[in-house]
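Participant: Structure incoming, see below.
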Amino acid sequence: MTFELPKPPVDDADPKALAAEILRSLRYRIGKDASVATQYDWLDAAIQVVRDRIIEHWISSTKQAYEEGAKRVYYLSLEFLIGRLMRDAFSNIGMLETMRKALAELKVDIDVIAALEPDAALGNGGLGRLAACFMESMATVGIPAHGYGIRYANGMFRQEISDGWQVELPETWLDHGNPWEFERRERAFGVGFGGSVESVTGEGGRLERHVWKPTDHVLAVAYDTPVVGWRGTHVNTLRLWSGMPVDPILLDRFNAGDHIGALAESNMADALSRVLYPADSHKAGQELRLKQEYFFSSASLQDILQRHISQYGDLSSLPDKAAIHMNDTHPAIAVPELMRLLMDVHVVDFDAAWDITKRTFAYTNHTLLPEALESWPVPLIDRLLPRHMQIIYAINAEVLLEARASHKFDDEGIRRISLINEDGERRVRMGNLAFAGSHSVNGVSGLHTDLMKATVFADLHRLYPDRINNKTNGITPRRWLIQCNPGLTGLVGKTIGEAFKDDITRLEDIDRFAADAAFREKFAAVKRQNKVRLANLVNERLGIKVDPSALFDVQIKRIHEYKRQLLNIVEAVALYDQIRSRPEKDWLPRVKFFGGKAAPSYHNAKMIIKLINDVAKVVNRDPAVRGLLKIVFMPNYNVSLAEVMIPAADLSEQISTAGMEASGTGNMKFALNGALTIGTLDGANVEIKDHVGAANIFIFGLTADEVAKRRAGGYDPRAVIEASPELSQALSAISSGVFSPDDPERYRDLINGIYDNDWFMVAGDFDAYAKAQRKVDALWRASPEWNAKAIHNVARMGWFSSDRTIREYARDIWNVPA
Ligand code: 26Q
């Protein structure tokens, strides 16, 4: 017997019918009527109405992939920095405007309830946001894909600024429930830790296989969130694991009087999905972190294998039907875990298991910074995951044999290829493990990929020369243009038609309007509106008044020495000095915006936040500045704040020390929204320059090669500082306490770091940066030219869509149609 289920009842284009449906949802799902509904209830009710449509597409997408026997992509990531989902889902499914009207019928303002939705901040920065853009693009281009990660109860911390210092507070994004997720209690897998490995022998005492007997157990329970692609037809799944105790209270222990011991597993399960590690590219080698990595890798692999076996019966076809992607090395323990599941559970021999593993996995590297390359002490892995340690040794033997047989390496080369670093305390190099276990290893920009081949992975690249490839990052133009910048989207649509929404490279059609004075005026008017919106927010949140006709100069990203917020603020100090000493010059009004979080354990990054706030306090109050320079540190930078700040920016600061920013993706978001970039030849800035044209971007400073040469010897930062009066003056002002009269020594060490070593080339690039900023001033005065260049930027950014990136992954790495 088959039943015809009632489909969501009404015409999606009819606001009145939708309003009735929202009321119905409010009544029967939330149990309220309009007279007592809170704004949160309206949000929930509205989401549920659209969610019903999404579920239809979700079920049909899933069915279709199954029926076609399609190869699936599994994206393993410890971070998904999604932000809010409502606008994204409503807009992609094409219901944003009708829902706005339907809610208005009910006297509810969609923008008000949209702002109540908490950010899903399950990520630190670029890597996590990239995973979110990729999920949306995979749904858009119709790839059957699952994202796998952890459902952190506390995502990224909330940042407050107290007396100029960063204070970290827990963010509880699930407090009001989460209408987007579906708990799947039946999808739960056991994950073990500790214990020992036993051998199973068969006839004649022959070793048959190994069995790991863990001592500690937790359950991973699945929570699914639908991911809606553009136009809504394809919907994928983001599956996040939450830790649950196997047995809420181990009764036997409890009864034996060991109350604390009885709760141990319950506490561990809780801890596993409690909190996201807030360290990005900064050392944080905690045991709990390794446990999180294994917890989600193991649960995901068990889920993937179960799905594969139930559809195809055995695992030999796994590489043809599943592409498992590792977002950095965070899931690298999945390599020995798949080997273990194949050998110990499914009784596949080592050689066959290794072949399946390599053909199934691929790995993306996001950083070359030595302090961010993951490695775990051998004794720690041995204790938590003894069977995995054995398998890692077996893989290592295989790789080192191949290396020897190639005759390409001396003993030093072999040591560098080894999965085990033997210098000092022995540690497993997770990058080498991920590399060895994958058929594809990619970088995230052209320059970054070249540097991977030349530095960190030089030896592995020699051994496996076909493995490293480049996939320059991208961003989803749905969130980062259509949703966050309705003004510009509307103007572009009116000018060149709506086709760019389905093929973002069609933005090129507005290039010729850069020469059209009337269009430039309209473009400038949109930008101004966006700046007014930001100015209002700044006034609301900080009580600082900024003038929307000033140049809005924005640097928003994690606070890190290599990203050089310090270079930016030192230049601001130099400018401040010049404004005071040459008041007669016609200075340009400029507002320097900063935003970003520091890893809680990263001392210098926290000092940089305090310095920005200290400088802001002095500069913003000084009557001699006459409002020509304002400095604003926006607290708690997150996805939702980015969606307001990026469309309002005139100037995008992308000023990392060349060779250190793997790609950057903020750089792409700004240019797409009509900001001009001031930046170094680093990461994807290089490719942005190639696409927008050298005349439409402000490039300055040392190249990656020049930085490397200087570091190799002969660089004398003291001499460089002494040769630059502006820089000397600015550094000594900061160092001597001009901005910290309450604690004159506060910045002594931070600034001495520049004099003594200047690893990040703040002094080395200062003059070039200051000079580039004066070119910015000159162009800003010539406003038609500025606007023309900004329009060229928008027009030529289509290539940086994550749809393009994902199609390249699909073709070159995953071997799936897209
Ligand atoms: C590792 C071990 C223990 C705890 C934390 C971590 C950890 C967490 C996050 C290490 C690194 C990260 C994040 C790295 C990251 O965001 N990298 C950025 O990735 C972007 C997407 O490719 C690039 O655009 C940026 O250039 C890169 O910095």
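Values in this text are rule-based calculations from the coordinates and carry no lab data. Just so we're clear, the structure is a prediction, and the values are computed from it rather than from any experiment. Heads up, the Cβs are rebuilt from the backbone with ideal geometry, glycines too, and the neighbour counts pull from every protein chain shown.
Participant: Express as a percent, rounded to the nearest 5, the fraction of DSSP beta bridges in the chain (both residues included) that run antiparallel.
Facilitator: Here the share of antiparallel DSSP bridges comes out near 45 percent.
Participant: Label-point separation (nm) for Ala778 and Ala271, each offset 7 Å from Cα along Cα-to-Cβ?
Facilitator: Roughly 6.0 nm, to one decimal.
Participant: Lys213: which lysines have alpha carbons under 23 Å from its alpha carbon, excluding same-chain residues fewer than 8 sequence positions away?
Facilitator: Partners found: Lys291.
Participant: Right, here's the next one. Taking amide H positions as placed 1.01 Å from N in the peptide plane, with prolines and chain starts having none, which residues 5 or more places from Tyr637, or on another chain, fall under 5 Å of its amide H?
Facilitator: Here Gly596 satisfy the definition.
Participant: Let me ask something additional. Can you give me the relative contact order of region 156-280 as a percent, contacts being Cα pairs under 8 Å and 6 or more apart?
Facilitator: 20 percent
Participant: Could you pull out the chymotrypsin sites (Phe, Trp or Tyr not before Pro) across region 444-521 that fall in loop regions by DSSP (anything but H, G, I, E, B) with no more than 11 other Cβ atoms inside 10 Å?
Facilitator: Sites meeting the loop and neighbour criteria: none at all.
Participant: Would you be so kind as to identify which of Pro817, Gly693, Leu380 lies farthest towards the positive end of the dipole of the chain, taking Lys and Arg as +1 and Asp and Glu as -1 on Cβ and the Cα centre as origin?
Facilitator: Toward the positive end, the furthest listed residue is Gly693.
Participant: Only Cα pairs under 8 Å and at least 6 apart count here; give the relative contact order of region 708-806 as a rounded whole percent.
Facilitator: It comes to 21 percent, rounded to a whole number.
Participant: Next question. Once the piece of chain linking Ala394 and Lys101 is laid out straight, how much longer is it, given 0.36 nm per residue of separation minus the C-alpha distance between them?
Facilitator: Contour length minus Cα-Cα distance gives 99.2 nm.
Participant: Output ³J(HN,Hα) for region 464-480: one whole-Hz value per residue in order, computed from phi by the Karplus curve 6.51 cos²θ - 1.76 cosθ + 1.60 with θ = phi - 60°, and x for Gly and Pro.
Facilitator: 10, x, 9, 7, 6, 9, 9, 9, 4, 4, x, 9, 7, x, 5, 5, 8
Participant: Right, here's the next one. Kindly point out which whole DSSP H helices in the chain project their C-alpha atoms 30 angstrom or further along the helix axis while averaging a Kyte-Doolittle hydropathy of -1.0 or above.
Facilitator: Qualifying helices: 39-68, 287-312, 386-406, 517-542.
Participant: Still on this structure: With each pseudo-label sitting 7 Å past Cα toward Cβ, what's the Ala723-Leu207 distance in nm, one decimal?
Facilitator: Each label point is offset 7 Å from its Cα along the Cβ direction, giving 6.3 nm.
Participant: On to the next question. Can you work out the PRE-style zone for Thr455? Point 7 Å along Cα to Cβ, and I want the residues of region 649-693 with backbone N under 18 Å.
Facilitator: 655-665, 680-687
Participant: Just want the ordering: Met244, Met634, from fewest to most Cβ atoms lying within 10 Å of their own Cβ.
Facilitator: Starting with the residue having the fewest Cβ neighbours, the order is Met244, Met634.
Participant: Another one. Provide the gained length on full extension for the span Ser35 to Lys709, in nm with one decimal, where the gain is 0.36 nm per separating residue minus the Cα-Cα distance.
Facilitator: Gain on extension, Ser35 to Lys709, equals 235.6 nm.
Participant: Can you figure out the FRET efficiency of Asp382 with Glu785, using R₀ = 60 Å and their beta-carbon distance, to the nearest 0.05?
Facilitator: Efficiency, from the Cβ-Cβ distance: 0.40.
Participant: Still on this structure: Given an 8 Å cut-off on Cα distances and at least 6 residues of separation, report the relative contact order of the chain as a percent.
Facilitator: So the answer I get is 12 percent.
Participant: Which of the lysines could a cross-linker span from Lys494 if the Cα-Cα distance has to be under 27 Å and same-chain partners fewer than 8 positions apart are dropped?
Facilitator: Within the straight-line limit of under 27 Å, Lys494 reaches these lysines: Lys101, Lys522, Lys527, Lys531, Lys669, Lys789.
Participant: Considering only DSSP states other than H, G, I, E and B, which trypsin sites (Lys or Arg not before Pro) in region 19-107 qualify as loop sites with at most 10 other Cβ atoms within 10 Å?
Facilitator: Answer by residue number: Lys107.
Participant: To make sure I understand the rule: partners must be aspartates and glutamates, Cα under 17 Å from the Cα of Lys557, and not fewer than 8 residues away in the same chain. Which ones qualify?
Facilitator: Correct list for Lys557: Glu79, Asp119, Glu160, Glu168, Asp280, Glu643, Asp650, Glu653, Glu661, Asp682.
Participant: Also: What FRET efficiency, computed as 1/(1 + (r/R0)^6) with R0 = 25 Å and r the Cβ-Cβ distance, is obtained for Ala20 and Thr62, rounded to the nearest 0.05?
Facilitator: 0.25
Participant: A further question on this structure: Can you list the HN-Hα couplings for region 419-425, worked out from phi with the Karplus curve (6.51, -1.76, 1.60; θ = phi - 60°), rounded to whole Hz and with x for Gly and Pro?
Facilitator: Result, ordered by residue: 6, 10, 7, 9, 6, x, 4 Hz.
Participant: Any idea how far the Cα center of region 27-91 sits from the one of region 776-796, in Å?
Facilitator: A separation of 40 Å, based on Cα centres.
Participant: Please identify the longest segment of the chain free of exposed GluC sites (Glu not before Pro), where exposed means a DSSP state other than H, G, I, E or B and no more than 14 other Cβ atoms within 10 Å.
Facilitator: So the longest stretch without any such site is 5-421.
Participant: Test of the criteria: in region 463-571, which trypsin sites (Lys or Arg not before Pro) are in a DSSP loop and have at most 13 other Cβ atoms within 10 angstrom of their Cβ?
Facilitator: In loop regions of region 463-571 (DSSP not H, G, I, E or B), the sparsely surrounded trypsin sites (Lys or Arg not before Pro) are Lys545.
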